[in-house]
Amino acid sequence: MGIQGMELCAMAVVVLLFIAVLKQFGILEPMSMEDSSDSELELSTVRHQPEGLDQLQTQTKFTKKELQSLYRGFKNECPTGLVDEDTFKLIYSQFFPQGDATTYAHFLFNAFDADGNGAIHFEDFVVGLSILLRGTVHEKLKWAFNLYDINKDGYITKEEMLAIMKSIYDMMGHHTYPILREDEPLEHVERFFQKMDRNQDGVVTIEEFLETCQKDENIMNSMQLFENVI
């Protein structure tokens, strides 16, 4: 796979890999029609007890039955109700055995770990999934910005973007066709900033990011690809 617009690839690969993780969890299997009380009772059996399904329903765009199905899959793979970073990295490494997904998985883990406590709870999981699959374009782009903004200071720097691009390159770039040059991630960062950094101050703000992405037809189309996955 050639990568020509790696900012678009970066956004798409976030969703594609997340869906791969869902399949690994068995979460995308057909939903069971079991009595919903089973899932309600299960909520009290794990070490980390998530918020009630009614509350999660108000926080996401999933129905109660969908949340019950998602919870079953999550609990089957994570009986404690938590996913730590090492487990997250292990899952992603299975999809890229010939590459190194460690750094990319680290960045992605931090994007899902909303409270920064070093673990992804079921709440983090479904809120992030809801945004990626059913959020508005604005919500999806804000989520992508948060991924790129590594230190969470409200700006994307060239160093942060380069770190993300190198992590994608390490994970899949050496196995693309045509093969990417070693300096391609840096060239991408320069193109990204030429397009995004409107006032040329060396950083990209959320406003600049949203404005530029919303004017890019390819990026807008990519935001609609996964809305009907579940």
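The values are calculated or read from the model by the stated rules, or taken from the named source; none is laboratory data. None of the values given here were measured: they were computed from a predicted structure. All Cβ positions, even for glycine, are placed from backbone atoms using ideal geometry, and neighbour counts span all protein chains on display. Calculation scope for accessible area: heavy atoms of the full protein, side chains included, ligands and nucleic acids excluded. Shrake-Rupley method; radii C 1.70, N 1.55, O 1.52, S 1.80 Å.
Okay, here's what the table says:
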quantity: Hits in the stretch 69-86 - residues which are farther than 19 Å from Leu53 by Cβ, open to solvent by less than 60 Å² (accessible area, probe 1.4 Å) and assigned to a helix (DSSP H, G or I); calculated: Glu85
quantity: Residues of the stretch 114-142 classified as open to solvent by less than 60 Å² (accessible area, probe 1.4 Å), in a helix (DSSP H, G or I) and either in contact with a Gly (Cβ under 7 Å, 6 or more places away or on another chain) or not aromatic (Phe, Trp, Tyr) (or both), total; calculated: 15
quantity: Residues that are in contact with a Leu (Cβ under 9 Å, 6 or more places away or on another chain) and either open to solvent by 70 Å² or more (accessible area, probe 1.4 Å) or β-branched (Val, Ile, Thr) (or both), drawn from the stretch 87-113; calculated: Phe95
quantity: Residue list for the stretch 195-222, filter: open to solvent by 20 Å² or more (accessible area, probe 1.4 Å) and either of a type in the set (Asp, Glu) or at pLDDT below 90 (or both); calculated: Lys195, Asp201, Glu207, Glu211, Gln214, Lys215, Asp216, Glu217, Asn218, Met220, Asn221
quantity: Candidates Asp153, Asp149, filtered to the one that is over 21 Å from Ile91 (Cβ atoms), open to solvent by less than 80 Å² (accessible area, probe 1.4 Å), in contact with a strand residue (DSSP E or B) (Cβ under 8 Å, 6 or more places away or on another chain) and among the charged types (D, E, K, R); calculated: Asp149
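This table checks each residue for (1) closer than 20 Å to Ile206 by Cα; (2) in contact (Cβ under 8 Å) with a residue 12 or more places away in the chain; (3) of a type in the set (D, E, K, R).
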{"residue": "Ala119", "(1), (2), (3)": "no, yes, no"}
{"residue": "Asp124", "(1), (2), (3)": "no, yes, yes"}
{"residue": "Ile131", "(1), (2), (3)": "yes, yes, no"}
{"residue": "His138", "(1), (2), (3)": "yes, yes, no"}
{"residue": "Lys142", "(1), (2), (3)": "yes, yes, yes"}
{"residue": "Glu159", "(1), (2), (3)": "yes, no, yes"}
